[in-house]
Amino acid sequence: MLLLHEFFLFTLQKLSFVLKLFDFSLRLKGFPIKEAKNHLKYIQSKDNADFKSYLETRKQAIVSYHLKHNSFYKNFAKHANPIDWNSIPVMTKQDLQQPLQNRLSEGFSKKNSHVHKTSGSSGEPFIFAKDKFCHALTWACFMSRYNWYDIDLNTSKQARFYGIPLQKKGYYKERIKDILSNRFRFSVFDLSDSQLKKNVETFKQIRFHYINGYTSAIVQFAKFLKKQNIILKVICPTLKVCIITSEMLFYDDKKLMETQFGVPVINEYGAAELGLIAFENEQSEWLINTDDLFVEILDNNNHVLPNGNEGRLVITSLYNKAHPFIRYDLGDIGTLSKNSTLKKPMLKKLVGRTNDVVILPSGKKAAGLTFYYVTKTVIEDDQNVKAFIIEQLKLNTFKISYTSDKLISEEKTIEIKQAIETYLESGLTVAFERKDKLLRTNRGKLKQFISHL
C-alpha cells in the first residue's frame with residue numbers, strides 16, 4: 001500500500017506530462033514567468049547601438065534604486081555616483097555577512113521575495129534574496145539557452161546528477177521539485193560500479209533528453225561507460241545533450257564524456273545569487289549572459305582589465321531590487337576572450353576561486369586548479385584512478401586522496417611527485433591515501449583542491 005506522500009508524488013508526476021508544470025509552478029509561487037519571457041525578448045532584440053544605451057540605463061537605474069531604497073547599500077556606497085561607474089565600490093561576500101533583514105530594500109521581506117542560500121563552495125555561504133520578477137527573469141534566461149539545444153524545461157526529461165538532502169522534509173521537497181521540473185535524480189554520493197550499473201539500466205528504461213549536474217559525478221559515469229564499452233545514446237536514443245555545472249570542466253574530461261555519451265557536452269557557469277553567468281553555444285563559444293547581468297574582469301586594485309587578461313569576476317545583477325548585487329566580487333578568477341564585444345562577451349577560461357591558491361615555502365604562488373590539472377594528466381593516464389582531490393596541509397606538505405580499483409604503484413607515485421616538483425618546486429612532501437569515497441559537500445560537490453593554510 002502506497003504511503004500518502006508517495007501517492008501524491010506519483011499523481012504529480014502523471015500531471016507533469018499533461019501540463020506545463022514548470023512554468024505553472026513558477027506562476028503558482030508568484031514568479032511572473034510570462035512577463036519575464038516577454039522582457040527577455042525585448043532585451044535580446046536590441047542591436048549593438050541600442051544595447052549600449054540599454055546597458056548604461058540599467059546600470060544607472062539599479063544603482064540609483066538601491067541608493068534610494070536600500071539603507072544597507074546607501075551606507076555601503078556612500079560616495080557612489082550612478083553616472084560614474086568607477087565610483088561604484090566593489091562588494092564582497094564578507095560585506096554581506098549580516099542578517100538578511102538588514103540588506104533588504106524597502107518594501108521587500110522574506111515573504112514577498114525569493115530567499116535562498118549560496119552553496120558555500122567558497123567557504124562563505126550566506127542567505128540572499130531576489131525580487132520575484134528578477135528570479136523569473138533568471139529562469140527565462142536559462143530557458144532561452146536550453147532552447148539552443150532543443151531542450152524545453154516543461155517537457156524535456158532531465159537525468160539529474162546532483163545531491164539531495166537526506167532529512168525527510170528536505171528530501172521530499174526536492175522530490176517534488178524534481179517532478180515539477182520533469183527530472184530524475186541520480187545519486188552523486190554513491191558512484192560505485194554497482195550503482196553506476198543501475199544508472200545504465202535506468203537510461204535504458206527512461207526516455208531522457210538531457211543530462212545535467214556536477215562535473216565530477218558525470219565524469220565518473222562516463223569512465224564507467226568506457227570500461228563497459230557502452231555509448232549512452234545507443235541505449236538511450238532520445239538523449240540530446242549533456243550540460244555540466246558547479247565544478248571545473250577539463251578538456252580531456254569533456255572529450256571523454258562526448259565520446260561515451262554520444263552527444264555534445266555543454267559548459268554552464270552560474271551562481272545561486274546571480275543565476276546564469278555563461279553558457280556554451282553551438283559554436284563552442286562560452287557566452288556571458290548580458291541579458292540580466294553585467295560582467296567585469298578587474299585587477300587587485302579594482303581596475304577593469306583589457307580583454308584577454310586574467311582577473312577577478314565582478315558581476316552586477318541589473319534587475320534585483322530586493323537585494324543589491326552591484327559590482328559583486330564572486331570570488332572566481334577568469335579571462336574574457338579578446339574577441340569579446342559589449343553585447344557578446346565570451347568567457348575564455350575560468351581558472352578557479354581566488355582562495356584556491358597554492359602557497360609554497362619559497363613564497364611562490366600557483367592556481368590550485370592548474371596544479372590539480374598538472375597532477376591529473378599524470379595520475380589518470382593508466383585508467384586506474386577514478387577520482388582524486390589534493391589538500392595542502394602545510395607550506396611544504398600535500399596529500400592526494402583518491403579512489404581506484406587498486407593502489408597507485410610506487411612508480412606512478414614517483415612520476416606524480418616529479419610532475420609536482422616540475423610545476424611547483426623541489427623539496428615538497430606528497431602523501432597518498434586511497435579511499436572508498438571522497439569527501440563531498442552536503443550538496444554533493446567535489447572540491448578538487450583544498451588549502452588548509
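Summary of values
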read-out: Restraint check, Lys93/Lys343; Lys348/Lys447; Lys349/Lys412; Lys226/Lys254; Lys364/Lys386, Cα-Cα greater than 25 Å; value: Lys93/Lys343; Lys349/Lys412; Lys364/Lys386
read-out: Sequence-distant residues sharing a close amide H with Asn81 (under 5 Å, placed H); value: Ser87, Ile88
read-out: Backbone HN-Hα couplings from phi across the stretch 316-325 [Karplus 6.51/-1.76/1.60, Hz, Gly and Pro as x]; value: 10, 7, 7, 10, 7, 8, 6, 8, x, 10
read-out: Helix-only CD estimate at 222 nm, as mean residue ellipticity for the chain, using -39500 (n - 2.57) per DSSP H run (n ≥ 4); value: -11000 deg cm²/dmol
read-out: Rounded to whole Hz, the Karplus (6.51, -1.76, 1.60) HN-Hα couplings of the stretch 231-239, x for glycine and proline; value: 9, 4, 5, 5, 8, 9, x, 7, 5
read-out: Antiparallel DSSP beta bridges within the chain, percent to nearest 5; value: 60 percent
read-out: Mean Cβ count within 10 Å, highest first, over the residues of peptides 103-116, 280-293; value: 280-293, 103-116
read-out: Orientation-averaged projected area, Cα convex hull of the chain (nm²); value: 23.1 nm²
read-out: Percentage, to the nearest whole number, of Cα pairs in the stretch 357-451 over 21 Å apart; value: 27 percent
read-out: Proximal lysines to Lys29, defined as alpha-carbon separation beneath 20 angstrom and excluding residues fewer than eight positions away on the same chain; value: Lys20, Lys37, Lys110, Lys111, Lys117, Lys130, Lys132, Lys169, Lys173, Lys177, Lys321
read-out: Amide proton proximity set for Gly331, modelled H, under 5 Å, gap of 5+; value: Leu313
read-out: Estimated dipole of the stretch 357-451 in Debye, rounded to 20 [Cβ of Lys and Arg +1, of Asp and Glu -1, Cα centre]; value: 620 debye
read-out: Antiparallel DSSP beta bridges within the stretch 357-451, as percent of all bridges there, nearest 5; value: 55 percent
read-out: Alpha carbon convex hull of the stretch 41-185, volume per residue in cubic angstrom; value: 166 Å³
read-out: Farthest positive-ward along the stretch 247-297 dipole, Cα basis, beta-carbon charges - from Phe261, Ala278, Leu293; value: Phe261
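Just so you know, all these numbers are worked out from the coordinates, no wet-lab data involved. Keep in mind that what you see is a predicted model, and the values were worked out from it rather than measured. Glycine also receives a Cβ, built like all others from the backbone with ideal geometry; neighbour counts cover every protein chain displayed.
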